[in-house]
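*Asks:* The following block contains the structure, expressed as structure tokens.
The values are calculated or read from the model by the stated rules, or taken from the named source; none is laboratory data. All of these numbers come straight from a predicted model, not from anything done at the bench. Cβ atoms come from the backbone with ideal geometry, glycine included; neighbour counts cover every protein chain shown.
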Amino acid sequence: METLWYIVVALMLATYVVLDGFDLGAGIICLIVSRTPAERKAVLHTIGPVWDGNEVWLLAAGGTLYFAFPLLYASSFSGFYLPLMMVLWLLMLRAIGIELRNHVPSPVWQGFFDVVFSLSSVLLAIFFGAALGNVIRGVPLAADGYFFEPLWTNWRVGAQNGILDWYTVLAGVVALVALTMHGTLYVIRKTEAPVSTRARRIALVVWPVLLVVTLLSLGATMYARPGVLDNYHAHPIGLLIPLAVAAALGMILHGSLSQKERLAFAGSTLYLAAMLVGAAFALYPNVLPASTDPAYRLTIYNTAAAHYGLTIGIIWWVLGMVLALGYFFFIYRMFRGKVKVEAEGEGY
């Protein structure tokens, strides 16, 4: 049952990254692909009906984590208090940037909130990547299961780490590049020329960067976390995951070159999902490794809730997922199709 809930949490986090990932990516490139206020509004309209619903998956994943692995929830939320507060502020600023830009018909007002939206999207992508890097690298857990990390120490990977070091910064860069690609391909699907034309050029520039940082992250992870490939050696079926990552990169490149929008976006979705599944596969059964004494690590077994609660909870989780998936299918089907750039002053 603990393994099942581990899969459930990993699945929900992957769903959040895939769905809210293109929202963040659209924000990252918003100021680059759009040259006029009308074009910026068109980019915002591509995510307008769905961005807040996509963020619900982050709340749902947090609630599921609290239910299934309460000790992990308590430990991580206390140790990562500072970055979590920063993420919350960035989420609020991003929402403010989306919701307030059209409240006053002023170029200065709208330009300010466009910058807020774009900058908060960039920083959120970096922080989410750095957070995953902290989990993979390990944190300075004590015997009681709690820890504290300063924002940074000496930027080296060791026993007493900071939240930011060379490895977690690299993880943040990987997330930034991957979500930039994901959002770019989404904007290509949802807009027409000239916005989609500019987005295609960005995708072709970002692809080789994504390939390089993906390879760098693999080597860096093997160095920063010895033994990270143990599960792959023990269970060769896990080798399908890096093959999926390679296939996804190929789909992105081929789809971008041949202007097959759906293929390219499907490749980006597969890339994000495979990278996250690969991290979860490598960590199992650990949920928070220790950079101090390996005996202090948190696993699915010493952090899980009672077996009875987990058993009953899976029933309610399935019912909730059926409702959530039905809602998302309805919303995405209702707002399918491309967004047109309105004339200046139209649709304010």
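Each row is one residue, and each column tells you yes or no for (1) of a type in the set (Ser, Thr, Tyr); (2) at pLDDT below 95; (3) within 19 Å of Val341 (Cβ to Cβ).
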position	(1), (2), (3)
Tyr6	yes, no, no
Leu11	no, yes, no
Ile28	no, no, no
Ser34	yes, yes, yes
Lys41	no, yes, yes
Leu44	no, yes, yes
Pro49	no, yes, yes
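*Asks:* Which one of these does Thr64 not meet: (1) outside any helix (DSSP H, G or I); (2) within 30 Å of Ile312 (Cα to Cα)?
*Replies:* (1) is the only condition that Thr64 fails.
*Asks:* Follow-up. Applying the selection to segment 305-330, what residues are of a type outside the set (Gly, Ala, Ser) and farther than 15 Å from Trp57 by Cα? Before you say what the answer is, go through the steps one by one.
*Replies:* To start, the set of residues in segment 305-330 that are of a type outside the set (Gly, Ala, Ser) comprises 307-308, 310-312, 314-319, 321-323, 325, 327-330.
Once the filter is applied, which keeps residues that are of a type outside the set (Gly, Ala, Ser) and farther than 15 Å from Trp57 by Cα, segment 305-330 yields His307, Tyr308, Leu310, Thr311, Ile312, Ile314, Ile315, Trp316, Leu319, Phe330.
*Asks:* If you don't mind, there's one more thing I want to ask. Checking the structure you have, find out if any residue of segment 243-252 is hydrophobic (A, V, I, L, M, F, W, C), modelled with pLDDT under 95 and more than 22 Å from Leu13 (Cβ to Cβ).
*Replies:* Taking every residue of segment 243-252 in turn, none turns out to be hydrophobic (A, V, I, L, M, F, W, C), modelled with pLDDT under 95 and more than 22 Å from Leu13 (Cβ to Cβ).
*Asks:* Moving on. If you go through segment 328-338 one residue at a time, do you hit one that is under 26 Å from the mean Cα position of the chain (by Cα) and either assigned to a strand (DSSP E or B) or modelled with pLDDT of 95 or more (or both)?
*Replies:* Taking segment 328-338 first, the residues under 26 Å from the mean Cα position of the chain (by Cα) are 328-338.
If we keep only those that are either assigned to a strand (DSSP E or B) or modelled with pLDDT of 95 or more (or both) as well, we get none.
Taking every residue of segment 328-338 in turn, none turns out to be under 26 Å from the mean Cα position of the chain (by Cα) and either assigned to a strand (DSSP E or B) or modelled with pLDDT of 95 or more (or both).
*Asks:* Scanning for something hydroxyl-bearing (Ser, Thr, Tyr) and farther than 20 Å from Leu272 by Cα, does segment 165-186 turn up at least one residue?
*Replies:* No: segment 165-186 contains no residue that is hydroxyl-bearing (Ser, Thr, Tyr) and farther than 20 Å from Leu272 by Cα.
*Asks:* Has segment 115-134 got any residue that is part of a helix (DSSP H, G or I), touching a residue at least 60 places away in the same chain (Cβ under 8 Å), aromatic (Phe, Trp, Tyr) and within 24 Å of Leu58 (Cβ to Cβ)?
*Replies:* Yes: one or more hits.
Residue-by-condition table, conditions (1) touching an Asp or Glu at 6+ places or on another chain (Cβ under 7 Å); (2) within 26 Å of Thr299 (Cα to Cα); (3) surrounded by 14 or more Cβ atoms within 10 Å (Cβ to Cβ):
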residue	(1), (2), (3)
Phe113	no, no, yes
Leu119	no, no, yes
Phe127	no, yes, yes
Ile136	no, yes, yes
Ala142	no, yes, yes
Trp155	yes, no, no
Asn161	yes, yes, yes
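*Asks:* Hey, another quick one. Go through segment 1-50 and count every residue that is more than 14 Å from Ile98 (Cβ to Cβ) and of a type in the set (D, E, K, R).
*Replies:* Residues that pass the stated criteria total 3.
Residues checked against (1) surrounded by 14 or more Cβ atoms within 10 Å (Cβ to Cβ); (2) not small (Gly, Ala, Ser):
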| site | (1), (2) |
| --- | --- |
| Thr191 | yes, yes |
| Ser196 | yes, no |
| Ala203 | yes, no |
| Val212 | no, yes |
| Leu216 | no, yes |
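*Asks:* Output the residue which, of all residues in segment 101-143 that are at pLDDT 90 or above and among the charged types (D, E, K, R), is nearest to Arg156 (Cα to Cα).
*Replies:* Among them, the one singled out is Arg137.
*Asks:* If we keep just the residues of segment 177-236 that are among the charged types (D, E, K, R) and not in a helix (DSSP H, G or I), which is farthest from Ser291 (Cα to Cα)?
*Replies:* For segment 177-236, the residue satisfying everything is Glu192.
*Asks:* Of everything in segment 282-305 that's assigned to a helix (DSSP H, G or I) and surrounded by fewer than 18 Cβ atoms within 10 Å (Cβ to Cβ), which residue is farthest from the chain's Cα centre (by Cα)?
*Replies:* Ala295
*Asks:* Are there any pairs with C-beta distances below 8 angstrom linking a residue in segment 251-268 that is more than 13 Å from Trp207 (Cβ to Cβ) to a residue that is part of a helix (DSSP H, G or I) and hydroxyl-bearing (Ser, Thr, Tyr), with the two at least 6 apart or on different chains, and if so which?
*Replies:* Close Cβ pairs satisfying both conditions: Phe265/Tyr186.
*Asks:* Of the conditions (1) without any contact (Cβ under 8 Å) to a residue 24 or more places away in the chain; (2) touching a strand residue (DSSP E or B) at 6+ places or on another chain (Cβ under 6 Å), Pro285 clears all except one; give me its number.
*Replies:* All conditions are met except number (1).
*Asks:* Here's another thing I want to ask about it. Counting only residues that are in contact with a Gly (Cβ under 8 Å, 6 or more places away or on another chain), over 30 Å from Ala68 (Cα atoms) and charged (D, E, K, R), how many does segment 10-35 have?
*Replies:* Here the count works out to 0.
*Asks:* Same structure, new question: State whether one or more residues within segment 151-165 are out of contact with any strand residue (DSSP E or B) (no Cβ under 9 Å at 6 or more places or on another chain) and part of a helix (DSSP H, G or I).
*Replies:* no
*Asks:* Can you report the number of residues in segment 20-39 which are surrounded by fewer than 23 Cβ atoms within 10 Å (Cβ to Cβ) and not hydroxyl-bearing (Ser, Thr, Tyr)?
*Replies:* Count: 6.
*Asks:* Could I ask something else about it? Quick check on segment 48-62. Is at least one of its residues closer than 23 Å to Gly309 by Cβ, aromatic (Phe, Trp, Tyr) and in contact (Cβ under 8 Å) with a residue 12 or more places away in the chain?
*Replies:* Within segment 48-62, one or more residues are closer than 23 Å to Gly309 by Cβ, aromatic (Phe, Trp, Tyr) and in contact (Cβ under 8 Å) with a residue 12 or more places away in the chain.
*Asks:* Okay, next question. Name, by its number, the condition in (1) modelled with pLDDT under 95; (2) surrounded by fewer than 24 Cβ atoms within 10 Å (Cβ to Cβ) that does not hold for Val173.
*Replies:* Going through (1) modelled with pLDDT under 95; (2) surrounded by fewer than 24 Cβ atoms within 10 Å (Cβ to Cβ) one by one, Val173 breaks only (1).
*Asks:* Kindly indicate whether Leu71 is part of a helix (DSSP H, G or I), within 21 Å of Trp5 (Cβ to Cβ) and touching a Ser or Thr at 6+ places or on another chain (Cβ under 7 Å).
*Replies:* Here the answer is yes, as Leu71 does meet what is asked.
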